[in-house]
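**Q** Starting off with a structure, shown below.
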Amino acid sequence: MDIHIRQAQLSDIPAMHQVRMAVKENVLSDPGRISEADYRTYLTERGQGWVALLQDQLIGFAVVDVQERNVWALFVHPDHEDRGAGGKLHDTMLAWTFDQGLDHLWLSTDPDTRAAEFYRRRQWHATGTLPNAELRFEITAEAWRR
């Protein structure tokens, strides 16, 4: 079965949040920290988002914050990991972002996780540790296009 990627719509927010709450890594310590309004702001004012669909079921999503040059979210439901959805979301997001003229992006994730390894395999470089103990990763448009 093929995974289809399309631009996120406001009507996708409840399903996006369900995916976010289902993840096993990078779990929110306070689930109330992210609201529906946050998704709406990132999708309509701060950046762009995409969803991964498998037979019309939303199984993952990615959101980039162009104002902060930051990957705000990239999550795949645990029941659908290792099927290529994360890679497709990642590549779609970076292609769009770098086509907008941004020259680099950063993100953070917990160290020693599958997510950290996912980014390393895709040319992201760890550049330090944040006060919350997450690793900061960066990628340039030039490195990604190689």
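One line per residue, one yes/no per condition, for (1) of a type in the set (S, T, N, Q); (2) more than 19 Å from Ile5 (Cβ to Cβ); (3) out of contact with any strand residue (DSSP E or B) (no Cβ under 6 Å at 6 or more places or on another chain):
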{"site": "Val51", "(1), (2), (3)": "no, no, no"}
{"site": "Gln67", "(1), (2), (3)": "yes, yes, yes"}
{"site": "Val76", "(1), (2), (3)": "no, no, no"}
{"site": "Arg122", "(1), (2), (3)": "no, no, yes"}
{"site": "Gly128", "(1), (2), (3)": "no, yes, no"}
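**Q** For segment 123-146, give me the residue count where each residue is closer than 20 Å to Gly101 by Cα and either touching a Ser or Thr at 6+ places or on another chain (Cβ under 7 Å) or surrounded by 12 or more Cβ atoms within 10 Å (Cβ to Cβ) (or both).
**A** 9
**Q** Would you confirm whether or not segment 108-116 contains a residue that is surrounded by 12 or more Cβ atoms within 10 Å (Cβ to Cβ), free of Cβ contacts under 8 Å to residues at least 24 places away in the same chain and under 17 Å from the mean Cα position of the chain (by Cα)?
**A** Yes, segment 108-116 contains a residue that is surrounded by 12 or more Cβ atoms within 10 Å (Cβ to Cβ), free of Cβ contacts under 8 Å to residues at least 24 places away in the same chain and under 17 Å from the mean Cα position of the chain (by Cα).
**Q** Run down Thr92, Thr41 and say which single residue is modelled with pLDDT of 95 or more, under 27 Å from Glu138 (Cβ atoms) and over 15 Å from the mean Cα position of the chain (by Cα).
**A** Result: Thr41 is the single residue among Thr92, Thr41 that is modelled with pLDDT of 95 or more, under 27 Å from Glu138 (Cβ atoms) and over 15 Å from the mean Cα position of the chain (by Cα).
**Q** Counting only residues that are closer than 22 Å to Val66 by Cβ and not in a helix (DSSP H, G or I), how many does segment 83-127 have?
**A** 15
**Q** Hey, another quick one. If you check Gly84 against the conditions, is it on the phi > 0 side of the Ramachandran plot and either in contact (Cβ under 8 Å) with a residue 24 or more places away in the chain or under 15 Å from the mean Cα position of the chain (by Cα) (or both)?
**A** Answer is yes for this residue.
**Q** Going residue by residue through segment 44-63, is there one that turns out to be within 22 Å of Leu135 (Cα to Cα), in contact (Cβ under 8 Å) with a residue 12 or more places away in the chain and part of a helix (DSSP H, G or I)?
**A** No, that holds for no residue.
The values are calculated or read from the model by the stated rules, or taken from the named source; none is laboratory data. None of the values given here were measured: they were computed from a predicted structure. No Cβ is skipped: glycine too gets one built from the backbone with ideal geometry, and neighbour counts run over all protein chains shown.
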